[in-house]
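Here the structure comes first, spelled out in C-alpha cells, and everything after it is commentary.
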Amino acid sequence: MKIPNIQSARTADAYTIENEPISSVDLMERAATQIYFWLMRNLKSKEVSIKIFCGMGNNGGDGLVLARLLATNDIFAQVYIVHVSEIFSHDCAVNYERLKDVSEVPMYDILSKDDFPKISDDDIIIDALFGSGLSRPLKGLAAEMVNHINDNQAVRVAIDIASGLNGDLINNGGVIFRPDYTVSMQFPKMAFLYPENEPFVGKWEVLDIKIHPDYIENLETTDFYTTEDVIKPLLHRRGKHSHKGTYGHALLIAGSTGKTGAALLASESCLRSGVGLLTTHLPKQAMLPLQVYLPEAMISPDKSDNCFSQVPDLQPYNAVGVGPGLGKEKETVNALKQLIQEVKVPMVLDADALNIISENKTWLSFLPERTIITPHPKEFERLFGKTDNSQQRLEFQREMSKQYKIIIVLKGANTSVTFPNGSCFFNSTGNPGMATAGSGDVLTGIILSLLAQRYTPEEAAIIGIFMHGRAGDKAAEKLGMEAMIAGDITKNLDFRL
C-alpha cells in the first residue's frame, strides 16, 4: 500500500473527480458512507450518544454526511458546527442544507466557549473539524474546542486524521485532538508511523473510498505500508517434484558462552521458514544442546569451545546469517572481518555482528551490496549516530541505505525497511508482546531462510518481517502479550496466506 504525502493524497480526490468522473459532493458521500460502515462494524449497541464536531471545510462535510446516514439507521447523533471561518466549503454547505431537512439530527452552532456542550464519558466523539487540510497549529476557538473535547473519557474518533496533526510530520507541539481511533481515507499518513505521534493517532484503519485506480497505480512515492496483499504475490509456491536442495542451504553463525539460546532460537525459526537445509556454525560447547534441541539442523563446530573464531568453507551455502549470541571476543572480531571479505552470497547481520561493526565503522563500506542488517534503535544509533527524533532517524536510515547500498531493517512497532534506492516499507504486523529476549534472533533466522530459498534480499526483508509479526500476533491471541516468549513466535509461524 502506497503512503503519499498529504498534497498527493489531496490530488487523488481531484483526479478521481475528473476521471471517474464523479462530482465532489458525491465523492464526499462515498467517503462518509465508508466511515458510517466502519462505525456500524464497531458499535456495540445502537443505544449510544454520538457527538459530531464539524468544521466548515470538507472534513466537516464528511461529519455532516455521517450524521445523516446515522439517522437513517435510527442512531442518535448531535452535530456541532464550530465556526472557525466565515463560510462553508461548497460541499460542506451542500450537506449542511441537506442535514437541515433531517429533523432527527439536532445541529448547534459553536461561536464561543459559552456554546461548548457538556460531554459525558459515555459519549462517542467524532472529530470532523479539520482533517488533513490543516497545516498550521490550532489556535483560538478551534484550540479551545479541541481541549474541551479531549478533557473526558469518551471514545474519540478522528475522521481522516486528528485535527491539529500534520499528516507528514511528527508533532512539534500545539493542541491536537487525541483519538482512540483514526479512520484514514484511502491511504495511511506518514504521521501515523512516528512513535511520537501515537497519542494523536490511536488505533488506525484505512478505508477504501475508491480513488481512481489509475491514480493509485501511477502515484510516485518512496514510502509503502506492507500488508498481506503485498506479501501474498511474492511467496514462492512449492512444486510437486521439488526436493530439499530446491529450497537452499543456509549457514547460520551464532552463539557463544552463555548465549547458546540465541543460536537455538535462530536455527529453529530458520528451519520453520521453509529452508531445505540448515548448517549452524557454533562453538564446540554448544553442539550438544543444538543436537538435542533441534536434530534437523546440521552442525559446523568452531575450533573454539566458547566463541566464533574461524570462517567455515562458504562454498556449499546459498545465504549466510551471522550475529545472534555471537559475543565480541577478539577472535570473533577477526573472524567476522574475514567473513565480510570472503562472502559471495546474500547475508543478514544482527545483534553482536552489528555491535562489532559499530566499533569498526569502516567495515560498513565493505559490506556486500544489498546485505541486510537488522538493528534495533540503540544498535542503529551505535552504528550510524544519534538523531533528535524518529522522523530524522527515518531520513538518516534512508540515507545510510543509499550510501552503503545495504538494506536496513530498523526494528520497532512498525519496523521500517529501507533500500539502496531510497524506498521504505513499513510493516503492518506485530505487537508489544514481541518486545522480549530472543525475538530478534527469531527474525534473523526467518530472513536467513528466505535468502537461502533465493528470495531477493528486498523480498526476504519485507516478507520476513511481516511473517515474524504475524506469528507474534497469533501468539498474542493465544497467550496474551505478557506471557509470550520468543519461542512462541516460531511456534506460530505460518506462511499460508
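The values are calculated or read from the model by the stated rules, or taken from the named source; none is laboratory data. The structure displayed is predicted, hence computed values, not measured ones. No Cβ is skipped: glycine too gets one built from the backbone with ideal geometry, and neighbour counts run over all protein chains shown.
For the stretch 350-403, how many residues are among the acidic types (Asp, Glu) and either surrounded by 14 or more Cβ atoms within 10 Å (Cβ to Cβ) or in a helix (DSSP H, G or I) (or both)? Step through it out loud before you land on a result.
Step one: list which residues in the stretch 350-403 are among the acidic types (Asp, Glu), which gives 350, 352, 359, 369, 379, 381, 388, 395, 399.
Then keep just the ones that are either surrounded by 14 or more Cβ atoms within 10 Å (Cβ to Cβ) or in a helix (DSSP H, G or I) (or both); that gives 350, 352, 379, 381, 395, 399.
Qualifying residue count, the stretch 350-403: 6.
For Leu271, state whether it is at pLDDT 95 or above and either closer than 10 Å to Ser449 by Cα or surrounded by fewer than 23 Cβ atoms within 10 Å (Cβ to Cβ) (or both).
Numbers: at pLDDT 95 or above: yes; either closer than 10 Å to Ser449 by Cα or surrounded by fewer than 23 Cβ atoms within 10 Å (Cβ to Cβ) (or both): yes.
Against the criterion (at pLDDT 95 or above and either closer than 10 Å to Ser449 by Cα or surrounded by fewer than 23 Cβ atoms within 10 Å (Cβ to Cβ) (or both)), Leu271 qualifies.
Pick from the stretch 478-497 the residues that are β-branched (Val, Ile, Thr) and in a helix (DSSP H, G or I): which of them is surrounded by the fewest Cβ atoms within 10 Å (Cβ to Cβ)?
Keep residues of the stretch 478-497 that are β-branched (Val, Ile, Thr), which gives 485, 489-490.
Of the ones still in play, those that are also in a helix (DSSP H, G or I) are 489-490.
On the way: Ile489: 32, Thr490: 25.
Among those residues, the one meeting the criterion is Thr490.
Which count do you get for residues in the stretch 132-152 that are outside any helix (DSSP H, G or I) and touching a Ser or Thr at 6+ places or on another chain (Cβ under 9 Å)? First the steps, then the outcome.
The first filter runs over the stretch 132-152 and keeps only residues outside any helix (DSSP H, G or I), leaving 134-139, 151-152.
Narrowing further to those that are touching a Ser or Thr at 6+ places or on another chain (Cβ under 9 Å): 134, 138, 152.
The qualifying residues number 3.
Considering only the stretch 291-301, I want to know if a residue exists there that is in contact with a helix residue (DSSP H, G or I) (Cβ under 7 Å, 6 or more places away or on another chain), at pLDDT 95 or above, surrounded by fewer than 15 Cβ atoms within 10 Å (Cβ to Cβ) and within 22 Å of Leu364 (Cα to Cα).
Checked the stretch 291-301: no residue is in contact with a helix residue (DSSP H, G or I) (Cβ under 7 Å, 6 or more places away or on another chain), at pLDDT 95 or above, surrounded by fewer than 15 Cβ atoms within 10 Å (Cβ to Cβ) and within 22 Å of Leu364 (Cα to Cα).
Does Thr222 count as in contact (Cβ under 8 Å) with a residue 12 or more places away in the chain, surrounded by fewer than 23 Cβ atoms within 10 Å (Cβ to Cβ) and under 24 Å from Ser135 (Cβ atoms)?
Working: in contact (Cβ under 8 Å) with a residue 12 or more places away in the chain: yes; surrounded by fewer than 23 Cβ atoms within 10 Å (Cβ to Cβ): yes; under 24 Å from Ser135 (Cβ atoms): yes.
Here the answer is yes, as Thr222 does meet what is asked.
If I go through the stretch 158-181 residue by residue, how many of them are surrounded by fewer than 24 Cβ atoms within 10 Å (Cβ to Cβ) and closer than 20 Å to Asp208 by Cβ?
Final tally of qualifying residues: 1.
Which condition from (1) in a loop (DSSP other than H, G, I, E, B); (2) buried (at least 17 other Cβ atoms within 10 Å of the Cβ) is the one that Thr257 breaks?
(2)
Across the stretch 168-202, what is the total count of residues that are in contact with a Gly (Cβ under 9 Å, 6 or more places away or on another chain), within 19 Å of Asn427 (Cα to Cα) and modelled with pLDDT under 95?
Number satisfying all stated conditions: 0.
Testing Asp441 on (1) surrounded by fewer than 24 Cβ atoms within 10 Å (Cβ to Cβ); (2) part of a helix (DSSP H, G or I), one condition comes back false. Which one is that?
Against the list (1) surrounded by fewer than 24 Cβ atoms within 10 Å (Cβ to Cβ); (2) part of a helix (DSSP H, G or I), Asp441 comes up short only on (1).
Mind counting the residues in the stretch 260-284 that are closer than 20 Å to Lys491 by Cα and either assigned to a helix (DSSP H, G or I) or acidic (Asp, Glu) (or both)? It would help to see each step written out before you state the result.
If we filter the stretch 260-284 for residues that are closer than 20 Å to Lys491 by Cα, which is where we start, we get 260-278, 280.
Applying the additional criterion that residues be either assigned to a helix (DSSP H, G or I) or acidic (Asp, Glu) (or both) yields 260-271.
Summing the residues that are closer than 20 Å to Lys491 by Cα and either assigned to a helix (DSSP H, G or I) or acidic (Asp, Glu) (or both) in the stretch 260-284 gives 12.
Restricting attention to the stretch 44-57, which residues are out of contact with any strand residue (DSSP E or B) (no Cβ under 8 Å at 6 or more places or on another chain) and surrounded by fewer than 17 Cβ atoms within 10 Å (Cβ to Cβ)?
Residues of the stretch 44-57 that are out of contact with any strand residue (DSSP E or B) (no Cβ under 8 Å at 6 or more places or on another chain), as a first pass: 44-47, 57.
Lys44, Ser45, Lys46, Glu47, listed by residue number.
Only one residue in Ile209, Ile216 is crowded, with 16+ Cβ neighbours inside 10 Å, of a type outside the set (S, T, N, Q) and in a loop (DSSP other than H, G, I, E, B). Which one? Show your work before the answer.
Values: Ile216 fails: in a loop (DSSP other than H, G, I, E, B).
Result: Ile209 is the single residue among Ile209, Ile216 that is crowded, with 16+ Cβ neighbours inside 10 Å, of a type outside the set (S, T, N, Q) and in a loop (DSSP other than H, G, I, E, B).
Hand me the list of helices (runs of 4 or more DSSP H) wholly inside the stretch 1-114 holding 3 or more residues that are at pLDDT below 95 and in contact with a Cys (Cβ under 9 Å, 6 or more places away or on another chain). I'd like the intermediate steps shown before the answer.
On the way: elements: 6-19, 24-42, 58-72, 90-100.
Once the helices (runs of 4 or more DSSP H) in the stretch 1-114 are filtered for at least 3 residues that are at pLDDT below 95 and in contact with a Cys (Cβ under 9 Å, 6 or more places away or on another chain), nothing remains.
Only residues that are surrounded by 16 or more Cβ atoms within 10 Å (Cβ to Cβ) and under 19 Å from Tyr36 (Cβ atoms): list them for the stretch 103-145, please. Outline the logic, then answer.
We begin by selecting, within the stretch 103-145, every residue surrounded by 16 or more Cβ atoms within 10 Å (Cβ to Cβ); these are 105, 107, 110, 116, 119, 123-134, 138, 141-145.
If the condition is that a residue be surrounded by 16 or more Cβ atoms within 10 Å (Cβ to Cβ) and under 19 Å from Tyr36 (Cβ atoms), then Val105, Met107, Asp123, Ile124, Ile125, Ile126, Asp127, Ala128, Leu129, Gly131 are the ones that fit.
Which one of these is among the aromatic types (Phe, Trp, Tyr), within 26 Å of Ser23 (Cβ to Cβ) and in contact (Cβ under 8 Å) with a residue 12 or more places away in the chain: Phe187, Phe192, Phe200? Show your work before the answer.
Working: Phe192 fails: within 26 Å of Ser23 (Cβ to Cβ); Phe200 fails: within 26 Å of Ser23 (Cβ to Cβ).
Only one candidate qualifies: Phe187.
Does Glu196 satisfy being in a helix (DSSP H, G or I), in contact with a Ser or Thr (Cβ under 8 Å, 6 or more places away or on another chain), among the acidic types (Asp, Glu) and in the same structural domain as Leu39 (by TED's automatic domain parsing)?
Working: in a helix (DSSP H, G or I): yes; in contact with a Ser or Thr (Cβ under 8 Å, 6 or more places away or on another chain): yes; among the acidic types (Asp, Glu): yes; in the same structural domain as Leu39 (by TED's automatic domain parsing): yes.
Against the criterion (in a helix (DSSP H, G or I), in contact with a Ser or Thr (Cβ under 8 Å, 6 or more places away or on another chain), among the acidic types (Asp, Glu) and in the same structural domain as Leu39 (by TED's automatic domain parsing)), Glu196 qualifies.
Condition first: farther than 24 Å from Val320 by Cα, of a type in the set (Asp, Glu) and not in a loop (DSSP other than H, G, I, E, B). Can you find one or more residues in the stretch 453-460 that meet it? Break it down stepwise before answering.
We begin by selecting, within the stretch 453-460, every residue farther than 24 Å from Val320 by Cα; these are none.
Within the stretch 453-460, none of the residues are farther than 24 Å from Val320 by Cα, of a type in the set (Asp, Glu) and not in a loop (DSSP other than H, G, I, E, B).
Assess whether Ser423 counts as being touching a residue at least 40 places away in the same chain (Cβ under 8 Å), in contact with a Ser or Thr (Cβ under 7 Å, 6 or more places away or on another chain) and under 20 Å from Ile231 (Cα atoms). Talk me through it step by step, then tell me what you get.
Working: touching a residue at least 40 places away in the same chain (Cβ under 8 Å): yes; in contact with a Ser or Thr (Cβ under 7 Å, 6 or more places away or on another chain): yes; under 20 Å from Ile231 (Cα atoms): yes.
Spelling it out, Ser423 is indeed touching a residue at least 40 places away in the same chain (Cβ under 8 Å), in contact with a Ser or Thr (Cβ under 7 Å, 6 or more places away or on another chain) and under 20 Å from Ile231 (Cα atoms).
Examine the stretch 287-307 for a residue that is part of a loop (DSSP other than H, G, I, E, B), within 34 Å of the chain's Cα centre (by Cα), of a type in the set (Ser, Thr, Tyr) and within 25 Å of His468 (Cα to Cα), and state whether such a residue exists. Steps first, please.
Taking the stretch 287-307 first, the residues part of a loop (DSSP other than H, G, I, E, B) are 294-297, 302-307.
Next, only the ones that are within 34 Å of the chain's Cα centre (by Cα) stay: 294, 296-297.
Applying the additional criterion that residues be of a type in the set (Ser, Thr, Tyr) yields none.
Among the residues of the stretch 287-307, not one is part of a loop (DSSP other than H, G, I, E, B), within 34 Å of the chain's Cα centre (by Cα), of a type in the set (Ser, Thr, Tyr) and within 25 Å of His468 (Cα to Cα), which makes the answer no.
Take Lys411 and decide whether it is charged (D, E, K, R) and touching a residue at least 12 places away in the same chain (Cβ under 8 Å). Walk me through it before giving the result.
Values: charged (D, E, K, R): yes; touching a residue at least 12 places away in the same chain (Cβ under 8 Å): yes.
So Lys411 fits the description; yes.
Picking from Pro324, Pro316, which residue would you name as being part of a loop (DSSP other than H, G, I, E, B), in contact (Cβ under 8 Å) with a residue 60 or more places away in the chain and within 15 Å of Gly255 (Cα to Cα)?
Only one candidate passes the filter, namely Pro324.
Which pairs do you get when a residue that is outside the structural domain of Gly327 (by TED's automatic domain parsing), found in the stretch 278-303, comes within reach of a residue that is at pLDDT 95 or above and part of a strand (DSSP E or B), reach meaning Cβ atoms under 7 angstrom, with the pair 6+ apart or on two chains?
Note: no pairs meet the criteria.
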